[in-house]
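Step one of this worksheet: look at the structure below.
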């Protein structure tokens, strides 16, 4: 029975949907956990400093493949740890610029994986929020300095969107739960019309805190993934995490069957979904246009 490693920077709590997608991909490739496959899970619990040791532990257990998921830091830790064991990653940044692969079509080496569309969706997310809230003039943007490349691209595109739509962009930064609280205290003083939460694995782990504060301060907010909208966020638009993890599982299964990572092109996640929480819209006294409801993949009542 082959053993694979699942390495993630976050915690198992709240990760049921991505794991369901991962196991579905494995099943599509002919592997079922506990039947003809064993999975060793390693969670960093939001402490990226633990990743090198966790990766080394998986290597010590001689896993056949490492699924390095959740953030760029995980992929980099796995790449640093081994040049022999195949690695399937998920990253939101450009894996070529990061040095993970030689090219998307021909990765080379022992890595391949899934590239999320993250920063590229900034303008579209702003357009969707303005369709719901045409009067937005001051847009707050919450970013994390821990992901400098993604933050740089997000802010560049937000500044361009601000010029295009005649909006003032206000940047708030947070790397810790305490800094998130402080950012919202500053927003309370600045009173922006809306909030744009950047895509970041740290923010995803703190989604309950973010959604709670946005609701408490009555700030209409847009988020990068449906997980936010499902727990009370106003709206989300971005890549389907479950589908991306299904593709990770599928690639992992193909490698177990003999495929080489260098032969498997990096897949750019193209399944995008718009989710609107109608209950929160009513709470904020917002009327969601029928055209927006019609284009939504999911409307939460």
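The values are calculated or read from the model by the stated rules, or taken from the named source; none is laboratory data. This is a predicted model, so every value here is computed, not measured. Quick reminder, even Gly has a Cβ in these numbers, built from the backbone with ideal geometry, and neighbours come from all protein chains shown.
At a glance:
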quantity: Condition met for residue 131 (in the same structural domain as residue 292 (by TED's automatic domain parsing), over 20 Å from the mean Cα position of the chain (by Cα) and farther than 21 Å from residue 45 by Cβ); calculated: yes
quantity: Boolean, residue 30 is in the same structural domain as residue 89 (by TED's automatic domain parsing), exposed (fewer than 14 other Cβ atoms within 10 Å of the Cβ), at pLDDT below 95 and over 19 Å from the mean Cα position of the chain (by Cα); calculated: no
quantity: Count of residues meeting criterion [crowded, with 23+ Cβ neighbours inside 10 Å and either assigned to a loop (DSSP other than H, G, I, E, B) or assigned by TED's automatic domain parsing to the domain that holds residue 147 (or both)] in the stretch 72-105; calculated: 5
quantity: Qualifying residue in the stretch 179-198 (condition: in the same structural domain as residue 291 (by TED's automatic domain parsing) and closer than 29 Å to residue 264 by Cα); calculated: no
quantity: Only listed residue being farther than 13 Å from residue 73 by Cα, in contact (Cβ under 8 Å) with a residue 12 or more places away in the chain and loosely packed, with under 14 Cβ neighbours inside 10 Å, chosen from 62, 23, 42; calculated: 62
quantity: The stretch 1-20, residues that are within 21 Å of the chain's Cα centre (by Cα), touching a residue at least 12 places away in the same chain (Cβ under 8 Å) and part of a loop (DSSP other than H, G, I, E, B); calculated: 9, 10, 11, 12, 14
quantity: Test: residue in the stretch 247-270 that is at pLDDT below 95, assigned to a strand (DSSP E or B) and either farther than 30 Å from residue 2 by Cα or in contact with a helix residue (DSSP H, G or I) (Cβ under 7 Å, 6 or more places away or on another chain) (or both); calculated: yes
quantity: Any hit, the stretch 188-203, residues being under 30 Å from residue 291 (Cβ atoms), over 22 Å from the mean Cα position of the chain (by Cα), part of a loop (DSSP other than H, G, I, E, B) and free of Cβ contacts under 8 Å to residues at least 12 places away in the same chain; calculated: no
quantity: Any hit, the stretch 96-103, residues being within 20 Å of residue 214 (Cβ to Cβ) and touching a residue at least 12 places away in the same chain (Cβ under 8 Å); calculated: no
quantity: Looking only at the stretch 215-229, and only at residues there that are in contact with a strand residue (DSSP E or B) (Cβ under 7 Å, 6 or more places away or on another chain) and assigned to a helix (DSSP H, G or I), the one that is farthest from residue 282 (Cα to Cα); calculated: 226
